[in-house]
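Shown next, in structure tokens, is the structure this report addresses.
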Amino acid sequence: MQLNRRQFLKSSFAVSFAPTFLSACSNSATPYRSQILVFGTQVDILIYHPDKATIQNAIGKINADFQQFHHEWHAWEKGGILSKINDAIKDNRPVTIAKSVQNFIEYSQQLSKQSNYLFDPAIGQLVALWGFHSEHWQGPPPDNQKIQNWLNARPSIADIYFEDSQLFSKNRLVQLDFGGNAKGLALDMAISSLQESGIHSALVSIGGDMKALGLKPVNQAWQIGIQNPSNPSDAVATVELFSNESLVTSGTYQRFFEWQGVTYSHLLNPNTGWPVSATDSFVSVTVIHPDATRADSAASALLIAGPDDWQTVAQQMQIQHALAIDAQGKHYHFGKIAERILTPNT
């Protein structure tokens, strides 16, 4: 799905940006690097281009776009389009939205259905029930009855429908939270913005998830390390990433909470109401796909699906390259990912 970036932003997480230009370039063979703090993580931008002014203007546009995107689509801050939608659903009333917003929600509905609703952006109330909307989880876990009550109602993005320019929901407990694919959409937006600025070789990373534009100088593919879940500072493999491809990883090791000696991943299974456990699923799944929004959605869904069902879900979500790792360090390949691995460590 292609979204009109400008229309999307005008219709549609607020932070202050502090870009740091780490190196400049006088020719297209020397990379220009910038860092931005946004989305609660670090955004790294690497660009090959001979003109410094073009690069700085392009990064400035990305800064501004990300600032507006973060404000409008943050699930837990008031004032943005997502907050307005959630308030309207809670009050059982329709809300008028722009066509570009409808397109994104409908695309997320399609991805959710393909994932057997393991990826479902309508589980905001379950996220809040667990307290995972906060960066500093205090515990304790919710009691079983509260989880069962939510499961009995089972709000889903499938409950949303549209009439003309208005959004409705069949279930007042729907609360949208696009944390499961918002970074992917942001990556797609950033690459589109760089292309519009006349840049043809770049790599954008948001918290380790990334998308490439073009190739490195001398037509070299980008070489990207996949984190070792047991030691994230190391790579378990290096893979090749080509032009307009994204690489997204979802892992239980990336964000987790502990309560009375038990570790809880931030990844919630909408069909059980409980966090994914590394003992019966994977600890990480990495997906390569041209559409970063799809890759972001799929990485979480495949991890939740686990060893028994992940290949079926990958096929339904039209994924061609995926690598999963379990708690014992065993690697599982899907599609043609093995052809991309340059330096496997296991």
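The values are calculated or read from the model by the stated rules, or taken from the named source; none is laboratory data. Keep in mind that what you see is a predicted model, and the values were worked out from it rather than measured. As a convention, Cβ positions derive from the backbone with ideal geometry for all residues, glycine included, and neighbour counts pool all protein chains shown. In case anyone asks, the SASA skips ligands and DNA or RNA and just uses the protein heavy atoms, side chains included. Shrake-Rupley method; radii C 1.70, N 1.55, O 1.52, S 1.80 Å.
Okay, helix-only estimate at 222 nm for the chain: each DSSP H run of n ≥ 4 adds -39500 (n - 2.57), divide by all residues, round to 500 deg cm²/dmol; what do you get?
-10500 deg cm²/dmol
Given a 1.4 Å probe, how much area per residue of the chain is accessible, in Å²?
Details: 15210 Å² over 346 residues.
Ligands and nucleic acids excluded, the figure is 44 Å² per residue.
In terms of the Cα gyration tensor, with a ≥ b ≥ c the square roots of its eigenvalues, is the range 288-346 rounded because a/c is under 1.5, prolate because a/b exceeds b/c, or oblate?
oblate
What is the sum of charges, Lys and Arg at +1 and Asp and Glu at -1, for the other residues whose Cβ falls under 13 Å from the Cβ of Asp91? Before the final figure, lay out the partial values.
Values: positive: Lys84, Lys90, Arg93, Arg172; negative: Asp87.
Combined, the nearby Lys, Arg, Asp and Glu give +3.
Using a simple charge model, +1 on the beta-carbon of Lys and Arg, -1 on the beta-carbon of Asp and Glu, nothing else, what dipole does the range 112-268 show about its Cα centre, in debye to the nearest 20?
Its charge dipole is roughly 200 debye.
Under Stokes-Einstein, with the Kirkwood radius over Cα pairs standing in for Rh, what whole-number D in µm²/s applies to the range 241-343 at 20 °C and 1.002 mPa s?
154
Once phi is turned into ³J(HN,Hα) by the Karplus curve 6.51 cos²θ - 1.76 cosθ + 1.60 with θ = phi - 60°, what whole-Hz value does each residue of the range 175-186 show in order, with x for glycine and proline?
9, 6, 8, 8, x, x, 8, 5, 5, x, 4, 4
Suppose every K and R has +1 on its Cβ and every D and E has -1 on its Cβ; what is the size of the dipole of the chain about the Cα centre, in Debye to the nearest 20?
Magnitude of the dipole: close to 520 debye.
Which FRET efficiency value, to the nearest 0.05, do you get for His200 and Lys330 by plugging their Cβ-Cβ distance into 1/(1 + (r/R0)^6) with R0 = 25 Å?
Efficiency for this residue pair is about 0.05.
My understanding is that a pair violates if its Cα-Cα distance is over 29 Å; which of Lys113/Lys216; Lys90/Lys211; Lys99/Lys170 do that in this structure?
As for pairs spanning more than 29 Å Cα to Cα, those are Lys113/Lys216; Lys90/Lys211.
Largest first and to the nearest Å, give the Cα extent of the range 137-263 along each principal axis.
59, 51, 20
In Å³ and rounded to a whole number, note down the convex hull volume per residue for the Cα atoms of the range 83-185.
Spread over its residues, the Cα hull of the range 83-185 gives 107 Å³ apiece.
With the convex hull built on the Cα atoms of the range 195-238, state its orientation-averaged projected area in nm².
Values: hull surface 15.1 nm².
If you wrap the Cα atoms of the range 195-238 in a convex hull and average its projections, you get 3.8 nm².
What is the distance in Å between the Cα centres of the range 183-204 and the range 272-339?
Going from one Cα centre to the other spans 25 Å.
Quick check: convex hull of the Cα atoms in the chain, volume per residue, rounded to a whole Å³?
Output value, Cα hull per residue: 132 Å³.
How long is the gain from Gln316 to Thr54 if the chain were fully straight, where each residue apart is worth 0.36 nm and the alpha carbon distance is subtracted?
Extra length available between Gln316 and Thr54 comes to 90.3 nm.
Length gain on complete extension for the stretch Gln35 to Val262, per 0.36 nm per residue less the alpha carbon to alpha carbon distance?
Once the chain is fully extended between Gln35 and Val262, it gains 78.2 nm.
Given a Förster radius of 25 Å and the C-beta distance between Lys170 and Asp308 as r, what FRET efficiency does 1/(1 + (r/R0)^6) yield to the nearest 0.05?
Numbers: r = 31 Å, r/R0 = 1.23.
So the FRET efficiency works out to roughly 0.25.
Using Cα pairs under 8 angstrom and six or more residues apart, how large is the relative contact order of the range 204-311, in percent? Mind dumping the intermediate values first?
Working: 192 pairs, mean separation 24.8, N = 108.
The normalised contact order for the range 204-311 reaches 23 percent.
Please give me, ordered by residue number, the GluC sites (Glu not before Pro) of the range 90-166 that lie in loop per DSSP and have at most 16 other Cβ atoms within 10 Å.
Those satisfying the criteria are Glu135.
Based on the Cβ-Cβ distance from Ala235 to Asp280, what FRET efficiency comes out when R0 is 35 Å, to the nearest 0.05?
Efficiency, rounded to the nearest 0.05: 0.85.
Given Ser100, Val174, Pro142, which one lies farthest toward the positive end of the charge dipole of the chain, if we put +1 on the Cβ of every Lys and Arg and -1 on the Cβ of every Asp and Glu?
Sorting the options by dipole projection puts first Ser100.
Tell me, what HN-Hα J-couplings in whole Hz come from the Karplus equation 6.51 cos²θ - 1.76 cosθ + 1.60 at θ = phi - 60° for each residue of the range 138-148, using x for Gly and Pro?
9, x, x, x, x, 6, 4, 5, 5, 5, 5
Take the alpha carbon gyration tensor of the range 68-111, find the square roots of its eigenvalues, order them as a ≥ b ≥ c, and report rounded if a/c is under 1.5; if not, report prolate when a/b exceeds b/c, else oblate.
oblate
So who's got an amide H within less than 5 Å of the one on Val283, skipping anything under 5 residues away but keeping other chains? H placed 1.01 Å off N, in plane.
The list, which skips near neighbours in sequence, is Ile325, Asp326, Ala327.
May I ask you to give the average projected area over all directions of the convex hull of the Cα atoms of the range 105-157, in nm² rounded to one decimal?
Result: 4.2 nm².
Starting at 0 and stepping by 10 Å, how many percent of the alpha carbon pairs of the range 203-300 end up in each bin?
15, 42, 29, 11, 3, 0
With every protein chain in place, what's the accessible area of His200 (1.4 Å probe, Å², nearest 10)?
Approximately 140 Å² for this residue.
Taking θ = phi - 60°, what integer Hz values does the Karplus form 6.51 cos²θ - 1.76 cosθ + 1.60 yield along the range 198-206, in sequence order, with x for Gly and Pro?
x, 9, 10, 9, 7, 9, 10, 10, 10
May I ask you to compute the full-extension gain from Asn149 to Ala98, defined as 0.36 nm times their residue separation minus their alpha-carbon distance, rounded to one decimal in nm?
Taking Asn149 through Ala98 to full extension adds about 15.0 nm, to one decimal.
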